[in-house]
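We did not get these values from a lab; they are worked out from the coordinates using the rules stated. Source: prediction; values computed, not measured. Quick reminder, even Gly has a Cβ in these numbers, built from the backbone with ideal geometry, and neighbours come from all protein chains shown.
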Amino acid sequence: MAKKDSFYFRNFVESAEISCEAAKMLKDILCDFDVKTLSENKVKLHEIEHKGDDKRHEMTNVLVRAFITPIEREDMLKLSQYIDDVTDCIEDILIRIYINNVTSIRKDSIEFADLLIQCCAAMKDMLEEFPNFKKSKKLGEFIIEMNRLEELGDDMYVNCMRNLHTTSNDPLEIIAWREIYEFFEKCCDTCENVADIIESIAIGNT
């Protein structure tokens, strides 16, 4: 890889690290949930999300000035946006907990947060291998793993929704948690979007 190209691939990994940081913070907030500190924690998570925005802006600013890029600009812009979308989705989960005035956390949401941490870690692994996409044998394995985790997310979403509707008689709780679980699933889907575009780039450039 040319030295001048290292910025792009490093930026992708650093953006994924921010997603990992956000996922871990979300789990910590859910595990030690306290309504009194929810507003403060929402601000802390937003600060992480803002770091993700900064990384995306860095990428855009460099691409605008670049004469030659290692892969198509449009693909790099899309990949940068998709990674940032993951962090945005994680923040959206906590925002939904906040605006729905959730006062206690359902246990399976912590299990979902664990899966989200795994998804973000798999995304980071994939992006660390991404610079070698023309000859890597590992990259395909990372993409398959990401697909597997997204399918687990689909299953977990169904199980969480079933559990919600069979254990709660409170319509407000059901409405709130339906939305929260939907955003959990969306996070897993967004991680898979990253895998899909990496696979597309690898196929289109080899």
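Pop the C-beta distance of residue 170 and residue 136 into the FRET formula with R0 = 45 Å and round what comes out to the nearest 0.05.
Details: r = 50 Å, r/R0 = 1.11.
Result of the calculation: an efficiency of 0.35.
Can you spot the lysines whose alpha carbon is less than 28 Å from residue 44's alpha carbon? Ignore those fewer than 8 places along the same chain.
24, 27, 36, 55, 78, 107, 124, 186
So between residue 205 and residue 111, what do we pick up on full extension, going 0.36 nm a residue minus the alpha carbon distance? Present the calculation step by step, with values, prior to reporting the outcome.
Numbers: separation 94, 0.36 × 94 = 33.84 nm, distance 3.78 nm.
My answer for the length gained is 30.1 nm.
What spacing in nm lies between the two simple spin-label points modelled at residue 159 and residue 68, each 7 Å away from Cα in the Cβ direction?
Distance between the two pseudo-spin positions: 5.1 nm.
Given H placed 1.01 Å from N in the peptide plane, which residues other than close sequence neighbours of residue 168 have an amide H under 5 Å from its amide H?
none
Which percent of the Cα-Cα distances in region 3-204 go past 26 Å? Walk me through the numbers before you get to the answer.
Numbers: 7161 of 20301 pairs.
Value for region 3-204: 35 percent of Cα pairs lie more than 26 Å apart.
Efficiency by 1/(1 + (r/R0)^6): what FRET value for residue 144 and residue 10, r their Cβ-Cβ distance, R0 = 25 Å, to the nearest 0.05?
For residue 144 and residue 10, the calculated efficiency is 0.50.
So which aspartates and glutamates pass the test for residue 134, namely a Cα distance under 13 Å, with those fewer than 8 places away in the same chain ruled out?
By straight Cα distance, residue 134 reaches 199.
Sort 163-174, 51-62 by the packing proxy (mean of other Cβ within 10 Å over each peptide's residues), most packed first. Mind dumping the intermediate values first?
On the way: 163-174: 12.1, 51-62: 16.3.
Order by mean packing, descending: 51-62, 163-174.
At 222 nm, what value in deg cm²/dmol follows for the chain if DSSP H runs of at least 4 each add -39500 (n - 2.57) and the sum is divided by all its residues, to the nearest 500?
-30000 deg cm²/dmol
Return a whole-number percent for the relative contact order of region 93-170, with Cα pairs under 8 Å and 6 or more residues apart as the contact set. Present the calculation step by step, with values, prior to reporting the outcome.
Working: 23 pairs, mean separation 24.9, N = 78.
Relative contact order of region 93-170: 32 percent.
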